[in-house]
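Colleague: Encoded as structure tokens, here's the structure I'll be asking about.
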Amino acid sequence: MNDGDIVLNAEEEEILLRWIYCDKQILQRKYTEKQIIDKIVENFGVSSYTAMRDIYQTQALFGAAIKANKKYLLHHHAENILLTIERYKTDKSLVHLVPKLFEAYTKAVVAIPDEINNNTQPPPQMNFFILPGQQVSNVKSFEDAIANISKRMNSNNIQDADFEDIDQ
């Protein structure tokens, strides 16, 4: 597996495959932690200690994405609904539930955000250090500070002044 400039060696690739497998097992919510450990040991030939560490590493890696990425969650939700639909289609006793599942699937897919503006940058974050003896008496938001500067510039007619002009 390689993506762009990232090239994994064989050992890293095996670890990644275990983590992806583990993530899918966790997301299915069918198995206990012990069962997932046993499945990793059986499928990948690693120790139960390594399998347990894989679960924790998977939760750390993919868990942060789940909390922060609504699209990730909705994608897996829609995928689970689709798998359930396929399973219910073959079971005559459950086939009457398929239309409701299709409706739920449609809602889930509609809720997945589009890829529009995925290259936008987050707003700038400015960090200021306060030296001992200094105080900040009136904290303003970035927008308020810009509005205040614009107001000052308009009232003093210094709109096109350079910094050298202001200091003199």
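The values are calculated or read from the model by the stated rules, or taken from the named source; none is laboratory data. Note that the structure is a prediction, hence the values are computed from the model and not measured. Here Cβ is always computed from backbone atoms with ideal geometry, including for glycine, and neighbour counts include all displayed protein chains.
Colleague: Out of the residues in the range 91-125 that are over 20 Å from the mean Cα position of the chain (by Cα) and acidic (Asp, Glu), which is modelled with the lowest pLDDT?
Modeller: Among residues in the range 91-125 that are over 20 Å from the mean Cα position of the chain (by Cα) and acidic (Asp, Glu), the one modelled with the lowest pLDDT is Asp91.
Colleague: Are any residues in the range 142-156 at pLDDT 80 or above and either within 35 Å of the chain's Cα centre (by Cα) or not in a helix (DSSP H, G or I) (or both), and if so, which ones?
Modeller: Glu143, Asp144, Ala145, Ile146, Ala147
Colleague: I would also like to ask the following. For the range 75-101, enumerate the residues that are in a helix (DSSP H, G or I), more than 30 Å from Phe62 (Cα to Cα) and not basic (Lys, Arg).
Modeller: The answer is Thr90, Val95, His96, Leu97, Val98, Pro99.
Colleague: Exactly one condition in (1) over 29 Å from Leu16 (Cα atoms); (2) at pLDDT 80 or above; (3) not in a helix (DSSP H, G or I) is false for Tyr31; which is it?
Modeller: (1)
Colleague: Could you grab me the full set of residues in the range 7-23 that are loosely packed, with under 13 Cβ neighbours inside 10 Å and either closer than 22 Å to Leu74 by Cβ or among the β-branched types (Val, Ile, Thr) (or both)?
Modeller: Matches in the range 7-23: Val7 only.
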